[in-house]
1. Checking the structure you have, find out if any residue of the range 9-19 is modelled with pLDDT under 95, touching a Pro at 6+ places or on another chain (Cβ under 8 Å) and closer than 26 Å to Ala142 by Cβ.
2. Scan the range 118-143 residue by residue and report those that are surrounded by 15 or more Cβ atoms within 10 Å (Cβ to Cβ), in a helix (DSSP H, G or I) and not charged (D, E, K, R).
3. Looking at the range 152-174, which of its residues are surrounded by fewer than 17 Cβ atoms within 10 Å (Cβ to Cβ) and under 21 Å from Gly200 (Cβ atoms)?
4. Of all residues in the range 30-85, how many are within 23 Å of Pro177 (Cβ to Cβ), assigned to a loop (DSSP other than H, G, I, E, B) and touching a strand residue (DSSP E or B) at 6+ places or on another chain (Cβ under 6 Å)?
5. Would you confirm whether any residue within the range 204-221 is more than 17 Å from the chain's Cα centre (by Cα), closer than 16 Å to Ala34 by Cβ, acidic (Asp, Glu) and assigned to a helix (DSSP H, G or I)?
6. Taking the range 20-51, which residues are buried (at least 18 other Cβ atoms within 10 Å of the Cβ), of a type in the set (A, V, I, L, M), more than 16 Å from Val109 (Cα to Cα) and modelled with pLDDT of 95 or more?
7. Taking the residues in the range 161-192 that are outside any helix (DSSP H, G or I) and hydroxyl-bearing (Ser, Thr, Tyr) as candidates, determine which candidate is farthest from Glu137 (Cα to Cα).
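The values are calculated or read from the model by the stated rules, or taken from the named source; none is laboratory data. Keep in mind that what you see is a predicted model, and the values were worked out from it rather than measured. Cβ coordinates were reconstructed from backbone atoms using ideal geometry, including for glycine residues, and neighbour counts include every protein chain displayed.
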Amino acid sequence: MPGSDNAQSEGINGAADAVQKLFEQGVGEASIVAILRGLTPDATTSLALELVSIGVRHIEVTVQDEQGAQALRQTRSEWPDGPHMLGAGSIISVSLAQQAIDDGAQFLVSPGLSTEVVQTARNLGTPILAGVATPSEVQHAAALGLTAAKLFPAAQLGGPAYLRALSGPFPKMQFVPTGGVNFENAEAYLATGALAVGIGGELTQPSGLEALRRWIARPTR
């Protein structure tokens with residue numbers, strides 16, 4: 001029945017919006033999404049748990065290959081209770097989205113914008129940060145019901161100046177710049193209005209965790 005189908009669709013969208021809003025609120029409060037890419041499952045799990053102990057609340061494990069998928073599963077099996085969330089990144093297809101959720105991902109991150117991937121995440125009640133790079137993609141993301149997106153690759157697109165320009169026509173869309181973002185330039189993105197920043201490679205460097213500790217301890221904006 002058409003009326004029944006419409007009511008069911010509205011219910012799914014309403015629940016998805018609530019889950020997404022709560023996720024975005026948490027990301028904004030934490031100001032950082034830590035990205036773990038290309039590490040062994042053991043190294044991923046060890047670093048993820050250390051990041052949680054330092055105070056990171058959102059950790060993304062990229063799953064573009066079987067090693068990444070195994071790293072996600074292993075980390076999820078040792079994941080402690082608490083407000084922190086473990087997500088899966090590099091989600092470029094519906095099958096990857098479904099598999100990541102089955103493997104325990106609590107949120108999804110994609111490098112680009114796919115209608116099917118976004119709808120799958122929303123239908124399954126899983127928050128998502130879909131990647132955007134242009135005004136057209138931001139407009140499409142908004143039409144899909146998203147109010148936050150991953151700005152990627154942020155540095156190559158123009159850094160904080162590009163974020164400022166892109167935000168102007170879309171005041172209701174929040175952005176998480178990722179790609180070329182580090183602890184030296186992260187504050188510039190936040191000062192420009194970013195919801196949070198995504199930082200990855202620096203965390204695997206010898207000085208990365210100490211830089212993270214200093215950044216978390218900085219005076220808040």
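1. yes
2. Matches in the range 118-143: Val118, Gln119, Thr120, Ala121, Val138, His140, Ala141, Ala142.
3. Scanning the range 152-174 gives Pro153, Gln156, Gly158.
4. The qualifying residues number 3.
5. yes
6. Passing the criteria: Leu39, Leu47, Ala48, Leu51.
7. My answer is Thr192.
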